[in-house]
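A short worksheet on the structure shown next.
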Amino acid sequence: MDIIETVGAILEYGETCNHCLGRFFGKRSFSLTNEERGRALRITREIAVNEPHSEPESESCWICGGELSRTDAWAAKVVEAVQGIEFATFLIGTRVPPLIAESEEMVWSDLTLRDPEPLKAEMNREVGKAVSALTGKTADLKRPDIVVILDIAEGTVEVQVNPVFFVGRYLKYERGIPQTHWDCRACKGAGCEKCDFTGKQYADSVEELIGRPVIEAFGAENAILHGAGREDIDARMLGSGRPFVMEVEAPRRRSVDLAALEEDINEKAGGRVAVHLAGWADRKTVETIKSDKAHKKYRILVEIEGPLSLYELQSALKALKGVTIYQRTPQRVAHRRADKVRERHATEIAYLGEEEDGYVLEVTGEAGLYIKELISGDNGRTRPSLTEILQRPARVSRLDVVQVERTREE
Ligand SMILES: [Zn+2]
Ligand SMILES: [Zn+2]
């Protein structure tokens, strides 16, 4: 079948609009719209077989029902739906009713067409062009700020606002604040008397203390903190702070001044938490920061039972430094981590001095080293430990993270 015969065979299925007719040859020739292709093919066939010209009723197109002649109306709907949302780039997607897809696919296979384009692709492109013309914004297939889905069956549009990301470091000056929000243990977040019907185990988290001003500044639905590891709830995070990426969900504003935001966060956190915001990031940064094997330096206060000479302590610390530490998952976290034995190292252990209630040590450990258990031994689950070497109970009574050393560039 030559191209004229193929056009004739297509038109026998029923009234076909120029868009849909042209789309069956959509991947042939360039710089034409499908509508132009369709009109040219229709007229060429009419001349070839010497028939009078007839313009199709696009409303009665058996494939699209005239949908492709309504792309301007769809574009207007999109523009209305994105009112009040800040974006520079967008992507249009189309939910095509199964009947439409089946109709055109039937013709493709009946006539073994080689170069057709699906309706979805034409709809996305043509509505995209019209939206660009109306708004001056650019279509972006890879990383659009917003995605707008056209639902043909419902006649509606849905807007999905993609998140924005920024990186920074946080400091935690107060003990007893978890890094991220924890559901209440009693009600699992539903709200009960124990949690004062907040659904939360702790009133505040680092994530919320930073996140509340973020949500406000971006007009967002939520803000998720992805930290490069986490410190214990009762540990402070000092020194240069812990790197994190903030994921801001469904923001209505994107061009937020990070310097002003940093100031606002720090003021509202009232000295419990503070941040330094470094700049914008993307989804990839989240993976990088999560997989980061950062060494951490801790300052700890250690209580040891019974009298002890400085010499004994120093030699015990020397015996711990650099050796392989076998740590079975600590009892205190066993309920939420797999039970296994990990091999870790404490690369530096320094004695800083004595306080009234214990010894101040600074320990640099590999990512994942459990410091409290390195000291206490966790009933023999961590070996060796300071307790084991000294042969008397030792425990951490205060712990601060003073440095998170990143192994990769931020
Ligand atoms: Zn059509
Ligand atoms: Zn509760």
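See the values below:
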| item | result |
| --- | --- |
| Of all accessible heavy-atom area on the chain, the percent that carbon and sulfur account for (1.4 Å) | 49 |
| Phe90 accessible area, assembled protein chains, probe 1.4 Å, Å² | 0 |
| Average accessible area per residue (Å²) across segment 35-74 - probe 1.4 Å, nucleic acids and ligands excluded | 56 |
| With all protein chains modelled, accessible area of Glu343 [1.4 Å, Å²] | 110 |
| Cα point-scatterer Debye curve for segment 341-410, base-10 log of I(q)/I(0) at q = 0.12, 0.14, 0.16 Å⁻¹ | -0.35, -0.47, -0.60 |
| Residues listed by number, segment 361-391, amide nitrogen under 11 Å from Glu303 label point at 7 Å toward C-beta | none |
| For segment 84-239, with +1 on Lys and Arg beta carbons and -1 on Asp and Glu, the positive-most of Pro163, Val131, Met237 along the dipole | Met237 |
| Helical contribution to [θ] at 222 nm, DSSP H n ≥ 4, -39,500 (n - 2.57), averaged over the chain, rounded to 500 | -9000 deg cm²/dmol |
| Mean projected area in nm² (Cα convex hull; one quarter of hull surface) for the chain | 28.0 |
| Solvent exposure ordering (accessible area, 1.4 Å, most first) of Glu67, Glu405, Glu122 | Glu405, Glu67, Glu122 |
| For segment 30-116, diffusion coefficient by Stokes-Einstein and Kirkwood Rh (Cα), 25 °C, 0.890 mPa s, µm²/s | 152 |
| Where only alpha carbons of segment 161-264 are counted, the Rg and the Dmax (Å) | 14.5, 41 |
| Solvent-accessible area of Lys137 with every protein chain in place, 1.4 Å probe, in Å² to the nearest 10 | 70 |
| Two-site label geometry, Lys268 and Tyr326: point separation in nm, points 7 Å out along Cα→Cβ | 5.0 |
| Probe 1.4 Å, accessible area per residue of segment 131-285, Å² | 48 |
| Full-stretch length increase - Ala203, Tyr311 - with 0.36 nm per residue and alpha-carbon distance subtracted | 34.4 nm |
| Distance-filtered residues of segment 59-86 - backbone nitrogen under 20 Å, label point 7 angstrom along Leu134 Cα→Cβ | 66-86 |
| Cysteines, the chain, no other Cys beta-carbon under 4.7 Å | Cys20, Cys64 |
| Gained length - Trp182 relative to Glu348, 0.36 nm times residue gap less alpha-carbon distance | 56.5 nm |
| Simple Cβ-charge dipole of segment 253-390, Lys/Arg +1 and Asp/Glu -1, about Cα centre, in debye nearest 20 | 960 |
| Rough spin-label spacing in nm, given labels placed 7 Å along Cα→Cβ, for Glu356 and Arg143 | 5.4 |
| 16 Å cut-off, amide nitrogen to a point 7 angstrom out along Glu59 Cα→Cβ, residues in segment 69-107 | 69-71, 73 |
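The values are calculated or read from the model by the stated rules, or taken from the named source; none is laboratory data. Worth saying up front: this structure is predicted, and the values here are computed from it rather than measured. Reconstructed Cβ throughout: ideal geometry from the backbone, glycine too, with neighbour counts over all protein chains shown. SASA here: full protein model, heavy atoms, side chains in, ligands and nucleic acids out. Shrake-Rupley method; radii C 1.70, N 1.55, O 1.52, S 1.80 Å.
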